[in-house]
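Below: the structure, in structure tokens.
The values are calculated or read from the model by the stated rules, or taken from the named source; none is laboratory data. Since we're looking at a predicted model, the values are computed, not measured. Quick reminder, even Gly has a Cβ in these numbers, built from the backbone with ideal geometry, and neighbours come from all protein chains shown.
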Amino acid sequence: MKYRNVIPAVFMDRPNRFIAHVDINGCRETVHVKNTGRCRELLLPGAEVWLSGSENPARKTAWDLIAVRKSNGLLVNIDSQAPNVVVREWLETQGFDVIRPEYVYGHSRLDFMMERGNDRFLMEVKGCTLERDGIGYFPDAPTERGAKHLRELANAEGYKPVLTFVIQMDGITEVRGNRETDPAFCEALEDAKRAGVKIIFLPCHVEADELTFCRIQAEEKLKR
């Protein structure tokens, strides 16, 4: 996916989950943060960030904060809407007959339902922005909704259930449950694996104005 009208800035502070203050060429500006997670190891005073201009003139904030340079030099896309866009782009290369987003199943709205021949798939997508020592972790904040989605996948009947982690940074190929932050999600993740939910890691290449899916490990591809 490609962003329009992207400019660099310097992160200052984050008063709440939804907004941040940044420095744009010496001017203090309030911007929208496109990620309600904690991002504590990323959004540090003085960090280099990138903003995408909003196309809605009625909005209170003119810019969205979409990417940040981590202290170790890693460029991380933190746009929580980007993973679904990238997954849709990837799914369109996988030969599906039907790709339906925001599919209602059970008591949840899951990200995708796909059909290929006689096979039907249910997929939930999670974006990974947390990295430690070359490993991705999810979540970076407690998510009851995430655990609920895993339970729906684990109990799905008539579908092949899939959980896809979109890795929003370069060089990371594995995502693990972040037990210290959300043990309940990690337990649900283990239960889902035992129930046969396929786990896919989707590595991405990140530019300040772009997020692009990379290769998939062969053993984790969706099978025909």
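Observations
- Residue in the range 96-120 that is nearest to Ile172 (Cα to Cα), counting only those that are in contact with a Lys or Arg (Cβ under 8 Å, 6 or more places away or on another chain) and buried (at least 21 other Cβ atoms within 10 Å of the Cβ): Phe112
- Tally of residues being polar (S, T, N, Q) and in contact with a Leu (Cβ under 8 Å, 6 or more places away or on another chain) across the range 54-110: 3
Per-residue answers, yes or no, for (1) under 26 Å from Lys126 (Cα atoms); (2) surrounded by fewer than 18 Cβ atoms within 10 Å (Cβ to Cβ); (3) in contact with a strand residue (DSSP E or B) (Cβ under 7 Å, 6 or more places away or on another chain):
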{"site": "Val10", "(1), (2), (3)": "no, yes, yes"}
{"site": "Ala20", "(1), (2), (3)": "yes, no, yes"}
{"site": "Asp23", "(1), (2), (3)": "no, yes, yes"}
{"site": "Glu29", "(1), (2), (3)": "no, yes, yes"}
{"site": "His32", "(1), (2), (3)": "yes, no, yes"}
{"site": "Asn35", "(1), (2), (3)": "yes, no, no"}
{"site": "Leu42", "(1), (2), (3)": "yes, no, yes"}
{"site": "Pro45", "(1), (2), (3)": "no, yes, yes"}
{"site": "Glu48", "(1), (2), (3)": "yes, yes, yes"}
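- Beta carbons closer than 6 Å, at least 6 apart along the sequence or on distinct chains, pair a first residue in the range 28-50 that is closer than 19 Å to Cys128 by Cβ with a second that is acidic (Asp, Glu) and assigned to a loop (DSSP other than H, G, I, E, B) for Lys34/Asp79; Gly37/Asp140; Arg38/Asp140.
- Evaluating Glu152 against the criteria (1) farther than 22 Å from Phe213 by Cβ; (2) of a type in the set (D, E, K, R); (3) not in a helix (DSSP H, G or I) leaves one unmet condition, (3).
- Boolean, Lys70 is in contact (Cβ under 8 Å) with a residue 40 or more places away in the chain, assigned by TED's automatic domain parsing to the domain that holds Met12, within 20 Å of the chain's Cα centre (by Cα) and farther than 13 Å from Leu211 by Cα: yes
- Of the numbered criteria (1) in a strand (DSSP E or B); (2) modelled with pLDDT under 95, the one Arg145 fails is (1).
- From the options Asn84, Asn56, Asn77, Asn35, residue that is over 24 Å from Ile172 (Cα atoms) and either modelled with pLDDT of 95 or more or not assigned by TED's automatic domain parsing to the domain that holds Val125 (or both): Asn56
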